[in-house]
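The values are calculated or read from the model by the stated rules, or taken from the named source; none is laboratory data. Note that the structure is predicted; figures quoted are calculated from it, not measured. Don't worry about glycine lacking a Cβ; one is built from the backbone with ideal geometry, like all the others, and counts go over all protein chains shown. The protein model used for the area step is the full one, side chains on, heavy atoms only, and it has no ligands, DNA or RNA in it. Shrake-Rupley method; radii C 1.70, N 1.55, O 1.52, S 1.80 Å.
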Amino acid sequence: MQIGNIRLGAPVALAPMAGITDMPFRVICKELGCGLVVSEMVSAKGLLYKNVKTFDMLRIAPEERPAAIQLFGSVPQELARAAKIVEADGADIVDFNMGCPVPKIVNNGEGSALMKNPQLAYEILARMADAVKIPVTVKIRAGWDADHINAPEIAQLAEKAGVAAIAVHGRTREQFYNGRADWGVIKAVKDAVKIPVFGNGDILSAEDGLRMFKETGCDGLMIGRGADGNPWIFKEIISALDGDAQRFEPSLDERMDMIVRHLKMLIAFKGEVIAVKEMRRHAGAYLKGMPMAAEYRRRINALNTFDEFKLLAEEYRAEAGKFLAAKKQFLEANAEICK
């Protein structure tokens, strides 16, 4: 898959997610087959005001390339200047956020609020595309609400503005992350433009990904919540695209090893105090669907150091291992009854 002059190794991207898609998680996803990773959304104003924490969000590790930095804002001149900063700092792609539904963003006329203002969206994207040599991409929603589905119109304006690729979340802003994503809107966008289109929304397995390709004709998949706590989904989808439709489920040991490794990477990136606090949430996601997860999530939320985290991880490995072994033994002993 090609985005401007950037060649992706696989047609699968990690969606930008606040508080999740920082450098350590992006590196993990890239190692598991993700073709393109996208940063958490970065404030254009924060860059222009030279905010140190905002600039920290531009850091890209060599092993995660190609990588995109996503900007948000609503002032064309500011977005153009911020795009230049992102380019100068070494990003491969600069992405623009028109999908964030949270009130504090929308109330400033940013994120998915721009779905209501196609002309302003066009001006922003045109200014950004003119300002940089690297590809400019955009992530949008189906529309503002069910009565205003305008993703195909926005996509055509984006293409006209010089955007190199577009990602479409099949939900409206009104839906937030509830209900089902409308993949028909993604197909309509694909039919409306010639630039590459990423389909986004309700991709939780390789089966979902293959169905997205088939039903929408999209060029690539963009996975958000499906990768939260399950970066192995990229490995599963790549295998499916290669003809192996077997469901990949990480083992208990793989999950626990990943939790410890992820925490080590976060500590190296942000320091132990911040890393442990942020890892509480990540660890809970890694344990989703596992035995005794609720109890251990509660205990994880009280952890404050790496050593405490590692000790609890090993305790869980042992306890959950016993539970899973007993479950397997029971199922094997009662195979005929369970059929």
Select from the range 214-234 the residues that are touching a Leu at 6+ places or on another chain (Cβ under 7 Å) and more than 25 Å from ALA325 (Cβ to Cβ) and write down the one among them that is surrounded by the most Cβ atoms within 10 Å (Cβ to Cβ).
PHE234
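Does the range 246-261 include one or more residues that are of a type in the set (S, T, N, Q) and either in a helix (DSSP H, G or I) or under 19 Å from the mean Cα position of the chain (by Cα) (or both)?
If we filter the range 246-261 for residues that are of a type in the set (S, T, N, Q), which is where we start, we get 246, 251.
Within this subset, residues satisfying the condition of being either in a helix (DSSP H, G or I) or under 19 Å from the mean Cα position of the chain (by Cα) (or both) are none.
Scanning the range 246-261 turns up no residue that is of a type in the set (S, T, N, Q) and either in a helix (DSSP H, G or I) or under 19 Å from the mean Cα position of the chain (by Cα) (or both).
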Where residues in the range 187-222 are touching a residue at least 60 places away in the same chain (Cβ under 8 Å) and not hydrophobic (A, V, I, L, M, F, W, C), which of them is nearest to PRO135 (Cα to Cα)?
PRO196
Determine, yes or no, whether ALA283 is in contact (Cβ under 8 Å) with a residue 12 or more places away in the chain, within 23 Å of LEU324 (Cβ to Cβ), open to solvent by less than 20 Å² (accessible area, probe 1.4 Å) and part of a helix (DSSP H, G or I).
yes
Does MET258 satisfy the criteria of being open to solvent by less than 40 Å² (accessible area, probe 1.4 Å) and of a type outside the set (Val, Ile, Thr)?
yes
Condition first: aliphatic (A, V, I, L, M), crowded, with 18+ Cβ neighbours inside 10 Å and farther than 19 Å from LYS139 by Cβ. Can you find one or more residues in the range 73-93 that meet it?
yes
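Filter the range 86-107 for residues that are in contact with a strand residue (DSSP E or B) (Cβ under 7 Å, 6 or more places away or on another chain) and not in a loop (DSSP other than H, G, I, E, B) and give the result. If you could, list the steps in order and put the result at the bottom.
Of the residues in the range 86-107, the ones in contact with a strand residue (DSSP E or B) (Cβ under 7 Å, 6 or more places away or on another chain) are 86-87, 91-100, 105.
Within the range 86-107, VAL86, GLU87, ILE93, VAL94, ASP95, PHE96, ASN97, MET98, ILE105 qualify.
Here is a yes/no grid of residues against (1) in contact (Cβ under 8 Å) with a residue 24 or more places away in the chain; (2) acidic (Asp, Glu); (3) over 25 Å from ILE223 (Cα atoms):
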residue	(1), (2), (3)
VAL86	yes, no, no
ASP89	yes, yes, yes
ILE105	yes, no, no
SER112	yes, no, no
VAL132	yes, no, yes
GLY162	yes, no, no
ILE166	yes, no, no
TYR177	yes, no, no
